[in-house]
Amino acid sequence: MHRRHLIALAALAALGATAATLPAWAQSNEIRIAHVYSKTGALEAYGKQTQTGLMMGLNYATGGTMMVNGKKLVVLEKDDQGKPDLGKSLLAAAYSDDKAALAVGPTASGVALAMLPVAEEYKKILIVEPAVADSITGDKWNKYIFRTGRNSSQDAISNAVAIDKAGVTVATLAQDNAFGRDGVKAFGAALKKAKLAHEEYLPPTTTDFTAGAQRLIDKLKDQPGRKIIWIVWAGAGNPFKIVDLDLKRYGIEIATGGNILPAMAAYKSLPGMEGAAYYYFGIPKNPVNEALVAAHYKEFKTPPDFFTAGGFSAAMAVVTALKKTNGDTNTNKLISTMEGMSFDTPKGKMTFRKEDHQAMQSMYHFKIKADPAFAWGVPELVHEIKPEEMDIPIKNKR
């Protein structure tokens, strides 16, 4: 009786072992990618575009198979709602419970900064897209962090190229958060000829810009030469309303970077405005961008937007790396593969800089044209600012 009981227990144990290994066996044919982003919240519009671009990019990069080296790519969507603590816990759960091999995201810089230590703790890669703050690949960086999105310095230096001229006085209007402050800090550091007279920071949820605008006007109105307010803003609120305060009376102009198409509707009333953009669908001329634009028009009857290109770029980085490792998701192997790796994107070639894993990429100096065929101000290319034209500082003290 005792012997039969032991045999039965052994049989059950063997069965249990088989059952326990089945999910692992099934998962060996999958590569799980967590996408943590603002599906809801203040930056929902940006998050939705990134998700669309990521899925389109994975589809394009795998020739429509969603497979790399016989393994199926599975994307796990996580909504951080723009909340740092939530983003942090969702990423930890993705790495531990969901067995994600790597992650992409998030949308907001504040959430990204909360997520960086999680990637380090779990020793798993996080490809940051599209959070912008310099500190992500700067003093808060660790070796598991790669970024396909542009950083504040790339935004700022390219915009400085557009307006940094002798005899120009600049004041800045930005959100009082990591995105705004890092952006202005990098922009100020990039100005070599123009003078920075004032920095105005307002709460990210500001809708009435009158008081801030008045302070900007007071700082600029008596300055000689060309006077410019440079705006760096993301999400809700329309800082371009300050144009209604009759800035022309004081000879004050507006300058800003590119943005999503709905936000660029405000640019239509500012023909001739200069700045630098991360992406606009009509500017880059390459096969990847043509594929993105065609696929997006086919599915949505609209052109791809600012952050759609970013999601697509992140997908291209993921698949390029996985193809090079033959589908091996070992983190150290991926890191050594991705450091210095070049990959094609809708913006052309990007390269992960070895020192801080920031993607070196082109930016686009534009001038706004009011075209009746479009609901937004159309950024016409003045000059493609190539990576080698921008001295992007390495700030991670590696």
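Average accessible surface for the chain: 43 Å² per residue, computed with a 1.4 Å probe over protein heavy atoms with every protein chain in place. Applying the criteria of a DSSP loop state and at most 14 other Cβ atoms within 10 Å to the trypsin sites (Lys or Arg not before Pro) of region 189-291 yields K192, K193, K221, K285. Given contacts defined as C-alpha pairs under 8 Å and at least six residues apart, what's the relative contact order of region 58-152, whole-number percent? Averaging sequence separation for qualifying contacts and normalising by length gives 21 percent for region 58-152. Within the listed set A276, A119, A236, the residue fluctuating most in the Gaussian network model of the chain (springs between alpha-carbon atoms under 10 angstrom) is A236. The heavy atoms of S336 present about 80 square angstrom of accessible area, all protein chains included, probe 1.4 Å.
Structure note, pairs K124/K397; K285/K323; K285/K367; K248/K301; K185/K219: Cα-Cα distances above 28 angstrom occur for K248/K301. Efficiency by 1/(1 + (r/R0)^6): what FRET value for A93 and R249, r their Cβ-Cβ distance, R0 = 56 Å, to the nearest 0.05? For A93 and R249, the calculated efficiency is 0.50.
Dividing the mean sequence gap of close Cα pairs (under 8 Å, 6+ apart) by how many residues the chain holds gives a relative contact order of 18 percent. Surface composition of the chain: carbon plus sulfur atoms hold 56% of the accessible area, using a 1.4 angstrom probe and ignoring ligands, DNA and RNA. If the segment from Q214 to E299 were pulled out straight at 0.36 nm per residue, it would be longer than the present Cα-Cα gap by 26.2 nm. Secondary structure note: in the chain, about 35% of the DSSP beta bridges are antiparallel. The heavy atoms of W230 present about 10 square angstrom of accessible area, all protein chains included, probe 1.4 Å. Would you mind checking region 148-180 for residues with the amide N under 15 Å from a putative spin-label position 7 Å along Cα→C-beta of Y201? Flagged as within label range: 172-180.
Looking at region 73-162, the trypsin sites (Lys or Arg not before Pro) that sit in a DSSP loop and have at most 13 other Cβ atoms within 10 Å of their own Cβ are K123.
Can you tell me how much longer the chain between N238 and N330 gets when fully stretched, taken as 0.36 nm per residue apart minus their C-alpha distance, in nm with one decimal? It would help to have the intermediate numbers written out before the result.
Working: separation 92, 0.36 × 92 = 33.12 nm, distance 4.48 nm.
So the extension gain works out to 28.6 nm.
Using only Cα atoms and rounding to the nearest 10 degrees, what angle (0 to 90) does helix 2-27 make with the longest principal axis of the chain? Once rounded, one gets 30 degrees. Shape class for region 298-398: oblate, because the ratio a/c of the largest to smallest gyration tensor axis (alpha-carbon atoms, square roots of eigenvalues) is 1.5 or more and b/c is at least a/b.
The values are calculated or read from the model by the stated rules, or taken from the named source; none is laboratory data. Just so it is clear, the structure is predicted and the values come from calculations on it, not from any experiment. No Cβ is skipped: glycine too gets one built from the backbone with ideal geometry, and neighbour counts run over all protein chains shown. The area values use the complete protein model at the heavy-atom level, side chains included, leaving out ligands, DNA and RNA. Shrake-Rupley method; radii C 1.70, N 1.55, O 1.52, S 1.80 Å.
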